[in-house]
Structures are given as structure tokens and as C-alpha cells.
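See structure below.
The values are calculated or read from the model by the stated rules, or taken from the named source; none is laboratory data. As the structure is a computational prediction, the values presented were derived from the model and not from experiment. Counting neighbours? That spans all protein chains shown, and the Cβs are built from the backbone with ideal geometry, glycine included. All accessible areas refer to the heavy atoms of the entire protein, side chains included, with ligands and DNA or RNA removed. Shrake-Rupley method; radii C 1.70, N 1.55, O 1.52, S 1.80 Å.
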Amino acid sequence: MLFKNINADEIKWGESGLIPGIVQDFYTGRVLMLAYVNRESLAFMQEKGETCFWSRSRNELWHKGATSGDVQKIMCMALDCDNDTLLIQAEQMGKGACHTGSYSCFGDEEESAFYSFEYDYETIKNRAVNPQPDSYTNYLMKKGLDKICKKIGEEATEVVIAAKNKDTAELTAEIADLSYHILVLMHECGVTPREITEEIVKRNRSLQKKHKPKG
């Protein structure tokens, strides 16, 4: 677990002893759901490392995914500036967060203004399974690793040129092109965005330990 324990006495609990808890996908940043937290559910989360809420309809603790298997492993937790809302960043397991079967309680990805590198990667994966005759992604996949690597070299050079020209609009476009080609390369080589994120998290954790004040 990455998160630090939160002092329950610092929280501004509402009249009913509850605060909203927003659950966000740790890897993509997508908002998954909103539920309510009390002292008991907070203590459970800090002990077990999985999300737990207070069900207002059943008037009892609700360990998310305890029966369905769609548990949420907590990576980070933080209070907002007013100490009355909890942000929970979690690794979503199973089918997703919503009881309807959707990954998010806020609708399917196609129905929301949601974007992440993982979403783009899934689109690339879909092209591999369902090729389209006019798809540039399928063209690159057909040409193979050498062609993909060549394109990455070209796009990286164009990023450097745009940066040297101090053209932010061009630089933005070129970085987007480079990012796309890197995702195609990742798919070709069997590397996922989640693995990249996990490596970055591991490095950050190592740095935090390295620079942690002694005593």
C-alpha cells in the first residue's frame, strides 16, 4: 500500500457522521464511483487496504466487492482542502465499479469525455482483433516491428525540431504523434500502460524512501 493513514479526528464529519468518498482509478485517473465513508469504514480501509463504505440504504458497512469479487485495492487516499471529502485512488479488480456491470458508475468510456493512454491502447488492441481496411494502426501492425521503430525514430526527431523551433502547437501535435506510435510499439511487444505506470510508481516509491528524513 502507498497511502498514509488519515487521522479520523481531522475530518469534518457531516451531521450523520459521513463524508463523500470519490474513488478514482489509480492507473487511468478515471472516476469510478462515489459513496459515503464514516469512521468505521475508514478504519476498515486503513487496516485492510480495500475500499469500504457506509451503505445509507442498508444502514451497514459495505465492503466493496466482498461478494462480487470486484474489490478495489487502495493505492492512495487524501482529504480535500476542507477535510470533508475523501479521494481514494484504487486498483479496480474484476468487472468494474458499477452494479450495472459498467467499469464506472458514470457510464461507459464511449459515453463520457474520458481519455487516457490506457484507453488509446485498448483501441489499438481492438484494431488487432478487428482490423479495418483503411486503418493506419493495422497498416503499422502488418508492416511489423521494424516499420514501427522507424516511425518512432522519425516522430522523435520531429518532436526535437518542434521544440527547437519553440513552436508549442507543433510540439504538442508531434508529442501526440510520438505517444501514439509508442503505444503501437508497446502493443507489438506485449507491454501495457499499466506496467509502465507500475514501474514509475516503483521508482517514485524508491525515491521517497531514499529521501525520507531520518529520525
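Given the structure, is VAL71 under 20 Å from the mean Cα position of the chain (by Cα), among the hydrophobic types (A, V, I, L, M, F, W, C) and open to solvent by less than 30 Å² (accessible area, probe 1.4 Å)? Considered against the rule, which asks whether it is under 20 Å from the mean Cα position of the chain (by Cα), among the hydrophobic types (A, V, I, L, M, F, W, C) and open to solvent by less than 30 Å² (accessible area, probe 1.4 Å), VAL71 comes out as yes.
The conditions of being surrounded by fewer than 19 Cβ atoms within 10 Å (Cβ to Cβ) and out of contact with any helix residue (DSSP H, G or I) (no Cβ under 6 Å at 6 or more places or on another chain) are not met by ASP25.
Answer yes if at least one residue in the stretch 165-174 is closer than 30 Å to HIS63 by Cα and either open to solvent by less than 40 Å² (accessible area, probe 1.4 Å) or not in a loop (DSSP other than H, G, I, E, B) (or both), and no otherwise. For the stretch 165-174, residues closer than 30 Å to HIS63 by Cα and either open to solvent by less than 40 Å² (accessible area, probe 1.4 Å) or not in a loop (DSSP other than H, G, I, E, B) (or both): absent. The set of residues in the stretch 11-46 being of a type in the set (Asp, Glu) and at pLDDT below 95 consists of GLU15, ASP25. Pairs meeting the criteria (first residue in the stretch 135-159 and in contact (Cβ under 8 Å) with a residue 12 or more places away in the chain and over 15 Å from ILE182 (Cβ atoms), second residue acidic (Asp, Glu) and open to solvent by 40 Å² or more (accessible area, probe 1.4 Å), beta carbons under 9 Å, at least 6 apart or on different chains) are GLY144/GLU188.
Screening the candidates MET93, MET77 for the property of being open to solvent by 40 Å² or more (accessible area, probe 1.4 Å), among the hydrophobic types (A, V, I, L, M, F, W, C) and closer than 26 Å to ILE196 by Cα yields one hit, MET93. For the stretch 6-42, filtering for residues that are out of contact with any Cys (no Cβ under 9 Å at 6 or more places or on another chain) and more than 12 Å from ILE88 (Cα to Cα) leaves 17.
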